[in-house]
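Data block below; observations after.
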Amino acid sequence: MSFDTEWSSVRSESTANVSMRLNQLPVEPGGGSSAADLSANQDKLGAIGNAAFLLHGRLNTAGKKANASTSEAATMMTANGFRTGAAMATVHETWGSQLQTLLDACANISNHLDYSAASHAQDEKDIAASLSTSKINEYLK
């Protein structure tokens, strides 16, 4: 038997016995999903967004507390011939970069949750208006 013949035989056998299997939880009795799957709790979104905002403020203050003294120590050590000065300057720069990344992440979370809450509220209003106009259209027919 040639390679091509054997290969096409193996391919046809493997595709004939394929069934789709999804990783999921067992289906609950009654089928369907609950309406809660699509809900967005405005209070919870607001609380998480507020916590991210407050964390941003605390990090911005506390994370920069040793900024001046660390920079000054690195400069003085380097000026006095200590090799530790260059290492401390690297730590100072890395800390600043990591702190800024964390601050940006907190701001991003806070802003996106504020946007999501506002967007969801507007979507709810649009849907409610759409449903009310569709009821009016039923009566006009």
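The values are calculated or read from the model by the stated rules, or taken from the named source; none is laboratory data. Since we're looking at a predicted model, the values are computed, not measured. So basically every Cβ, Gly included, is an ideal-geometry build from the backbone, and we count neighbours across all protein chains shown. Each accessible area value is taken on the protein alone, full model and side chains, heavy atoms only, with ligands, DNA and RNA left out. Shrake-Rupley method; radii C 1.70, N 1.55, O 1.52, S 1.80 Å.
Before moving on, here are some points about what is shown:
- Spin-label zone in the range 76-113 - amide nitrogen under 11 Å from a point set 7 Å from the Cα of Lys64 along the C-beta vector: 100
- Equivalent ellipsoid dimensions for the range 58-140 as semi-axes, Å, which come from the Cα gyration tensor, largest first: 58, 9, 5
- Rounded percent of accessible protein surface that carbon and sulfur make up, the range 63-106, 1.4 Å probe: 62
- Point-to-point label distance, Thr75-Asp123, nm (Cα→Cβ direction, 7 Å offset): 5.2
- Packing-based order for 102-111, 123-132, using average beta carbon neighbours within 10 Å, highest first: 102-111, 123-132
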